[in-house]
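Below is one structure, written out as structure tokens; comments come after it.
The values are calculated or read from the model by the stated rules, or taken from the named source; none is laboratory data. Since the structure is predicted, the reported quantities are computational estimates derived from the model, not experimental observations. As a convention, Cβ positions derive from the backbone with ideal geometry for all residues, glycine included, and neighbour counts pool all protein chains shown. Surface areas here come from the heavy atoms of the whole protein model, side chains and all, with no ligands, DNA or RNA. Shrake-Rupley method; radii C 1.70, N 1.55, O 1.52, S 1.80 Å.
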Amino acid sequence: MHWQTRRFRIDLSRPKVMGIVNVTPDSFSDGGRHDDDRTAIAHCERLVAEGADILDIGGESTRPGAPRVDADSEWARIVKVLAAAVTLGVPVSVDTCKPEVMRHALDAGADIINDVQALQLRGALAAVAGSGAGVCLMHMRGEPASMMDLAVYGDVVVEVGAFLGQRAQAARDAGIPADCIALDPGYGFAKTAEHNLQLLAGQQRLTELGYPLLVGWSRKRTLGDITGRPVDQRLPASLAAALRAVSAGANVIRVHDVAATVDALKVWAAVDAATIPATE
Ligand code: HH2
């Protein structure tokens, strides 16, 4: 399996690591850590040095209750960081749901659009169609400000799968090639801790949709609920969730802690490659 993006055809025979670059003052785990251009660009370089296969740059927080940012401000936050990131030799994704920001980002050389709204905003499908960009279509309900009120499901795996299948079809109908599309169950978005765990337990079924799966568990609140740890102490829990997601078919893991995740996946791959001598 592969994920076609603008400049790169990403080989998914092994899981890939997408490193998060939040150029925001208010992201839930690293808000304000790299919200000036120089620090954010240094962070991109560091993540690539640590082994990130893809960078994901965002200029608006999507944490529950986050305030909305207008398109001009969001673009102003990321424009210089994106220009530097596209010179680093890895595919660069832009995490946005706004068609205006998508257009600017694609003009500036972005390879992938990562949209937590699955290209549902008016004009979003058209902004990406014809660009050759990869897209990540994520499941959520409502908006970050209100999404937790909508966390009501009968069977969360079935409902998320149905939504993702419909959005993939909408993308294809708009002219986005099938091999440019990746799907994401949207852990933490309009889902309680129980929903997130049910979804991970049943995640393998989402692979039946036939698209690569991208997942983000890094430092999320459900991991805090399980371990009792604050957001800066959730690396071991994040690694456990990432490996569990890989074993349930995830192809791309979106993380803050790239070096540690790359190590964990190397161990995973080494075990995978080991052959057991045949016994008589
Ligand atoms: N999670 C976040 C943001 N974007 N995109 C995808 N495809 N999947 C995710 O799970 C996902 C995402 C939230 O994490 P983070 O970027 O660290 O926080 P914030 O939204 O507060 O900036």
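Some values worked out for this structure:
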{"read-out": "Exclusive hit being surrounded by fewer than 22 Cβ atoms within 10 Å (Cβ to Cβ) and basic (Lys, Arg), set Lys80, Lys98", "value": "Lys80"}
{"read-out": "Count of the range 173-201 residues which are open to solvent by 10 Å² or more (accessible area, probe 1.4 Å) and small (Gly, Ala, Ser)", "value": "6"}
{"read-out": "Considering residues of the range 137-165 that are outside any loop (DSSP other than H, G, I, E, B) and within 12 Å of the ligand (Cβ to nearest atom) only, the residue surrounded by the fewest Cβ atoms within 10 Å (Cβ to Cβ)", "value": "Met147"}
{"read-out": "The range 166-178 residues that are farther than 19 Å from Arg9 by Cα and assigned to a helix (DSSP H, G or I), paired with ones that are modelled with pLDDT under 95 and open to solvent by less than 40 Å² (accessible area, probe 1.4 Å) (beta carbon under 6 Å, 6 or more apart)", "value": "none"}
{"read-out": "Of all residues in the range 212-232 being more than 13 Å from the ligand (Cβ to nearest atom) and on the phi < 0 side of the Ramachandran plot, the one that is least open to solvent (accessible area, probe 1.4 Å)", "value": "Gly224"}
{"read-out": "Positions within the range 224-272 being closer than 15 Å to Leu47 by Cβ and either in a loop (DSSP other than H, G, I, E, B) or touching a residue at least 60 places away in the same chain (Cβ under 8 Å) (or both), in sequence order", "value": "Val252, Ile253, Arg254, Val255, His256, Asp257, Val258, Ala259, Thr261, Val262, Leu265"}
{"read-out": "Matching option when the condition is away from the ligand (no atom under 11 Å from the Cβ) and of a type in the set (S, T, N, Q), among Ser93, Ser29, Ser73, Ser61", "value": "Ser73"}
